[in-house]
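Notes to accompany the following structure.
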Amino acid sequence: MLEKLIARNNITIQGDGSKSMLLVHGYGCDQNMWRFVTPQFKKDYKIILIDLVGSGNSDENAYDFEKYSSLDGYADDIVEVCDALDLKNITFVGHSVSAMIGVLANLKRPAIFDKLIMIGPSPRYINDIDYYGGFSQNDIDELIETLESNYLGWSSAMAPAIMGNPEKPELAEELEQSFCQTNPEIAKHFAKVTFLGDNRSDLDKLTTETLILQCNSDVIASIEVGQYVHKHVSNSKFVLLDATGHCPHLSAPKQTIEAMKSYLV
Amino acid sequence: MNYNIDYKELYNTSPCGYFCSLPDGTIIDSNKRFLEFSNYKREEVIHIKKFTDFLSVGGKIYFQTIYAQKLNLTGTVEEINFDFIKKDGTKFPVLINSVEIKNKEGHHIFTQSTVFNISQRKKYETELLIAKKKSEALSNELVLKNKELQIGSELILQQKLQLEKFNQELENKNKQLSNFTHIASHNLRAPVSNLNSLMAFYNESTDTEDKAMLFTKFEIVIDHLTETLNELIASVKIQMDVNIKHDSVTFDAVLSKTMQILEGKILESNAVITSNFSEAPDIEYPKLYLESIILNLLSNSIRYRSPNRIAKIHLATEVNNNEITLIVTDNGLGIDLKKHGHRLFKLNNTFHRHPDSKGVGLFMTKIQIETIGGSIDVESEEEKGTTFTIMLKKKNNYEYPPFNRYY
């Protein structure tokens, strides 16, 4: 069972701290995005990294379009991984869509979670009555178009490399280049699930201690959205980072790490 | 020849656009070609616009979630297709290659990007995309149609099986109906002829006490006749059921009921009827069947008794291999089985020149027994008697026939 999960979610474990930290990447990337952050926590934490099914080096064959047609499918995977590794009282770090996946997993099995760190969270991307998410349906259609036109050159020959093939070292180099590559059909599906979802009502149910890390200029998750999350998660702290873009752990790792550390102390 | 290459001129007039941007995306320099592509003046772009300002909102999401992450992780991205927005709001498709430029300490200082205008190629790509989508839609449609066909053929198969089932049911119902006609006439015949015998006694008798006693017998036989009629009517309803209803029946009760029905005949014949049902006092069996079987065998034995001796009829049950067997023995006329054995249970066969012989009873009895999965055997010797051995079959050993072949 555990071996199957390790292959499915490309689970990697590093560090030997007594506490556990599970970091989950967001849409469009994989566990490589944590590489500036993880070295700073290795001493105090056992660090668990995963690739969401369909992303990075996860088992593409495990991608079930029905299961992953809502974030619940991913949340079930998180609970499964934590159970298999016997993880309890963990610090869950979720970037972007995985912040919401963390919320759902938390609601399913609160005992697993000690603290939640959300980086650039958004419970809903599409604007609604009395809600600013930042996007319209048309914007998401444009995203899907961009995805489609960029995958025109995506060769199916890359598939085995992306799926991972440890017994063929010659693919390793290709794998290096395949950072954040995903099967185009999966990428499109995941994009729709991510950007058309609505998890606002789940925020109010969350009671776990939560840190919200917000960039001051993030086109994906604006400050307003971050503050909405802060307002609706009862036990939350909001920290505005002086960083641009949607990935402060990549663009401003020092600030991100400092904010995480001062919260976790 | 000496070519004095003017690199600044090359930078500005190359057939592709160049621009440099800070890590936050702010454009700090661009060549003329890029300005031409986008229709902006230099002072409107440099230090004013960011890379993402040229992108639609959907493009910005792609930039943040895919382009920026990949550039940050690998230091380079190639052949990313965006739609760039010109000053007048129109768009043109571009392919972008970007590379991160780092200082000695490895810090990202700025990003250099090359911009190719791919308007012509894009038209072709769009056509390809449309064709691809069309072929995908077509293939999906084919898969769907295929499924529909499969479902259709399964339906037809199911309907065929259903029709076969209905046909079988009809056939069975037909058999049931013809059997029912026989059983109805026969089972009504015995009590009616009993009534006639009682009537004869009644007419002959001069004793008022005897007459009164006989009159109560009339009542009993009429009651039974009514009951038989009601049961026949009920059995018509039972025929609608898929399975034959099994009741918990006591042999003693069935026998005494039968003896009451045959009271007149028993009195007339002075027959001695004994029984021993101790080995199997009761059975799960269709009550109407068992009553019919015992009535038929008993009235047969009385009817074909020997005129040379008092009729003795003995009924008993046995259990053999978990199956209940009913044995009916008499000391009557007997049948020449060598002569008649093969026709014994056939319809409309009689073996005695007896006024009551109609040749129906044994036929029905056999069919009733076999419907429940049992069997009937006969041993007989002329002028000694006859023994019927009936393997009735217990309910738990009995496999229901697919349909009610008989009521």
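The values are calculated or read from the model by the stated rules, or taken from the named source; none is laboratory data. Bear in mind that the values here come from a model prediction, so they are computed numbers and not experimental data. We place every Cβ from the backbone using ideal geometry, glycine too, and count neighbours over all the protein chains shown.
Taking the range A:227-264 as the region of interest, how many residues are hydrophobic (A, V, I, L, M, F, W, C), in a helix (DSSP H, G or I) and under 19 Å from the mean Cα position of the chain (by Cα)? Walk me through it before giving the result.
Pass one, the range A:227-264, residues hydrophobic (A, V, I, L, M, F, W, C): A:229, A:233, A:238-241, A:243, A:247, A:250, A:252, A:257, A:259-260, A:264.
Narrowing further to those that are in a helix (DSSP H, G or I): A:229, A:250, A:257, A:259-260, A:264.
Still in the running and under 19 Å from the mean Cα position of the chain (by Cα): A:229, A:250, A:257, A:259-260.
Going through the range A:227-264 one residue at a time, the tally reaches 5.
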Would it be correct to say that B:Ala253 is of a type in the set (A, V, I, L, M, F, W, C), touching a helix residue (DSSP H, G or I) at 6+ places or on another chain (Cβ under 7 Å) and either at pLDDT below 85 or assigned to a helix (DSSP H, G or I) (or both)? no
Being out of contact with any helix residue (DSSP H, G or I) (no Cβ under 7 Å at 6 or more places or on another chain) and in a loop (DSSP other than H, G, I, E, B) is the filter; apply it to the range A:15-34 and report the residue that is nearest to the other protein chains (Cβ to nearest Cβ). A:Asp30
Residue list for the range A:41-66, filter: over 19 Å from A:Cys82 (Cα atoms) and not in a loop (DSSP other than H, G, I, E, B): A:Glu60, A:Asn61
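This table checks each residue for (1) outside the structural domain of B:Lys366 (by TED's automatic domain parsing); (2) of a type in the set (Asp, Glu); (3) not in a helix (DSSP H, G or I).
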site: B:Val94; (1), (2), (3): yes, no, yes
site: B:Val99; (1), (2), (3): yes, no, yes
site: B:Thr114; (1), (2), (3): yes, no, yes
site: B:Glu127; (1), (2), (3): yes, yes, no
site: B:Leu142; (1), (2), (3): yes, no, no
site: B:Ile151; (1), (2), (3): yes, no, no
site: B:Lys165; (1), (2), (3): yes, no, no
site: B:Gln168; (1), (2), (3): yes, no, no
site: B:Glu171; (1), (2), (3): yes, yes, no
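Can you confirm whether the range A:138-153 contains a residue that is within 14 Å of another protein chain (Cβ to nearest Cβ), in a strand (DSSP E or B) and either surrounded by fewer than 22 Cβ atoms within 10 Å (Cβ to Cβ) or among the charged types (D, E, K, R) (or both)? Talk me through it step by step, then tell me what you get.
Here is the first cut: in the range A:138-153, the ones within 14 Å of another protein chain (Cβ to nearest Cβ) are A:138-153.
Adding the requirement that they be in a strand (DSSP E or B) leaves none.
No, the range A:138-153 contains no residue that is within 14 Å of another protein chain (Cβ to nearest Cβ), in a strand (DSSP E or B) and either surrounded by fewer than 22 Cβ atoms within 10 Å (Cβ to Cβ) or among the charged types (D, E, K, R) (or both).
Only one residue in B:Ser30, B:Ser56, B:Ser119 is farther than 29 Å from A:Gly134 by Cα, without any contact (Cβ under 8 Å) to a residue 40 or more places away in the chain and within 14 Å of another protein chain (Cβ to nearest Cβ). Which one? Give the derivation first.
Numbers: B:Ser30 fails: within 14 Å of another protein chain (Cβ to nearest Cβ); B:Ser56 fails: farther than 29 Å from A:Gly134 by Cα.
Being farther than 29 Å from A:Gly134 by Cα, without any contact (Cβ under 8 Å) to a residue 40 or more places away in the chain and within 14 Å of another protein chain (Cβ to nearest Cβ) holds for just one of B:Ser30, B:Ser56, B:Ser119, which is B:Ser119.
Answer with yes or no whether B:Asn172 is over 27 Å from B:Ser301 (Cβ atoms) and at pLDDT below 85. First the steps, then the outcome.
Details: over 27 Å from B:Ser301 (Cβ atoms): yes; at pLDDT below 85: yes.
So B:Asn172 passes the test.
Which of the following residues is of a type in the set (A, V, I, L, M, F, W, C), within 14 Å of another protein chain (Cβ to nearest Cβ) and buried (at least 17 other Cβ atoms within 10 Å of the Cβ): A:Val37, A:Val53? Please lay out each step first, then the result.
On the way: A:Val53 fails: within 14 Å of another protein chain (Cβ to nearest Cβ).
Just one listed residue meets the conditions, A:Val37.
Does the range A:230-265 hold any residues that are more than 14 Å from chain B (Cβ to nearest Cβ) and surrounded by 16 or more Cβ atoms within 10 Å (Cβ to Cβ), and which are they?
Residues of the range A:230-265 that are more than 14 Å from chain B (Cβ to nearest Cβ), as a first pass: A:230-240, A:257-265.
If the condition is that a residue be more than 14 Å from chain B (Cβ to nearest Cβ) and surrounded by 16 or more Cβ atoms within 10 Å (Cβ to Cβ), then A:His230, A:His232, A:Val233, A:Ser236, A:Phe238, A:Val239, A:Ile257, A:Ala259, A:Met260, A:Tyr263, A:Leu264 are the ones that fit.
Against the definition (farther than 25 Å from B:Leu214 by Cβ, of a type in the set (Val, Ile, Thr) and assigned to a loop (DSSP other than H, G, I, E, B)), how does B:Ile335 come out, yes or no? Don't jump to the end; show me each part of the working.
On the way: farther than 25 Å from B:Leu214 by Cβ: yes; of a type in the set (Val, Ile, Thr): yes; assigned to a loop (DSSP other than H, G, I, E, B): yes.
Considered against the rule, which asks whether it is farther than 25 Å from B:Leu214 by Cβ, of a type in the set (Val, Ile, Thr) and assigned to a loop (DSSP other than H, G, I, E, B), B:Ile335 comes out as yes.
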Which condition number in (1) within 14 Å of chain A (Cβ to nearest Cβ); (2) over 28 Å from A:Tyr151 (Cβ atoms); (3) surrounded by 15 or more Cβ atoms within 10 Å (Cβ to Cβ) is the one that B:Gly25 fails? (2)
Restricting to the range B:75-104, name every residue that is surrounded by fewer than 16 Cβ atoms within 10 Å (Cβ to Cβ), over 20 Å from B:Glu125 (Cβ atoms) and within 13 Å of chain A (Cβ to nearest Cβ). B:Gly75, B:Thr76
